Amino acid sequence: LMLRQAHDERLSPLDKSFALRTILRMGRHYRSAVKLYMGFGMRQQAVELALKVDPALARELARQSDDKDERKRLWLMIARSAAANGSLGDGKDVVARVVSVLKDCGPDVLSIEDVLPFLPDFAQIDQFKDEICDALASYSSKIENHLKEMSECDQTCDALREELSRLQNVGIHVNPDARCAFTNKLVIDSGEPFYAFPS
C-alpha cells in the first residue's frame, strides 16, 4: 500500500529515500527497491538491481523506456548480464541466453554486432547463424537503399547543373525607358547596377 502511494509525493507518508537506503542495507525486498528506484526516475539503477532479482522484470523495465539511447544502454546491460550468468555452463548456454536477449529487445534496439563482445571466443557460428544472416540481409537492404538515394542525388545534381548552364546563357531585353519599381527612376540612365526579373 505504501509503495502504491509512493508514486504521489503529497499522499505518501513514506520517505522514499530512507526506505530505499533501509532496503538496500538490509539486503531484502529488492523488488520494492526496484519500484522505489523507478519512483525516483532512476531506471538504470532499477534495471541493475532487477537483474540480480528477476531478469524478466529487468527486461520489462527496459521495454518501458522511451529514450532510444537509454533503451539500447539498458538492453546492453541485460545482454552482458545474461552472458555473465550463462558463462558458468557451456558456451551454447551463453549464446542461447544472449540470442534470447537479442530477440526480446527487437531489431531496432540491438543488433548482432552489439552483443558479439559478450559471446565467448569459442562460440561457434552455427549457434547464431540465423541472427548473422538476418543482420547481413538488413545491411544488404540498407546498402541498396543508400545506392538508390545516391542515384537520385546524382540525377538531381545533373538537373541542377543543366539548369545553371542554361541560365548562364539567358538574356533579358530591357526597354530604354524602363523604370525602377521602388524609386521610379530610369534604370539605364542611373548608372547603378540593377536586377531585372523576367516577367
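Just to be sure I understand, if you calculate Kirkwood radius over Cα pairs in Å for this structure, which of (i) 17.4; (ii) 23.0; (iii) 29.2 do you get?
Only one option fits the structure, namely (ii).
Which length gain, in nm to one decimal place, applies between residue 29 and residue 181 when the Cα-Cα distance is subtracted from 0.36 nm times their residue separation?
46.6 nm
Given a 1.4 Å probe and the protein chains all in place, what does the accessible area of residue 146 round to, in Å² to the nearest 10?
Approximately 100 Å² for this residue.
Before anything else, pin down the relative contact order of the chain: Cα pairs under 8 Å, at least 6 apart, normalised by residue count, whole percent. Intermediate values should be presented prior to the final figure.
Values: 148 pairs, mean separation 18.6, N = 199.
Answer for the chain is 9 percent.
So, with +1 on the Cβ of K and R and -1 on the Cβ of D and E, and no other charges, what is the size of the charge dipole of region 13-108 about its Cα centre, to the nearest 20 debye?
Approximately 240 debye in magnitude.
Among the listed pairs 52/72; 52/129; 52/103; 72/148; 16/68, give every one whose C-alpha distance is greater than 23 Å. Could the numbers behind the result be given before it?
Details: 52/72 19 Å; 52/129 30 Å; 52/103 21 Å; 72/148 29 Å; 16/68 28 Å.
52/129; 72/148; 16/68, as the Cα separations exceed 23 Å there.
With each label point set 7 Å from Cα along the Cα-Cβ vector, what nm distance links residue 114 and residue 144?
If labels sit at residue 114 and residue 144, their model points lie 2.4 nm apart.
Once the whole set of protein chains is in place, how much accessible area is left on residue 113, using a 1.4 Å probe, in Å² to the nearest 10?
Accessible surface of residue 113 is approximately 80 Å².
The values are calculated or read from the model by the stated rules, or taken from the named source; none is laboratory data. All values reported here derive from a predicted model rather than from experimental measurement. Note: ideal-geometry Cβ built from the backbone for every residue, glycine included; neighbour counts use all protein chains shown. Just so you know, the surface numbers come from the protein's heavy atoms only, side chains and all, with ligands and any DNA or RNA stripped out. Shrake-Rupley method; radii C 1.70, N 1.55, O 1.52, S 1.80 Å.
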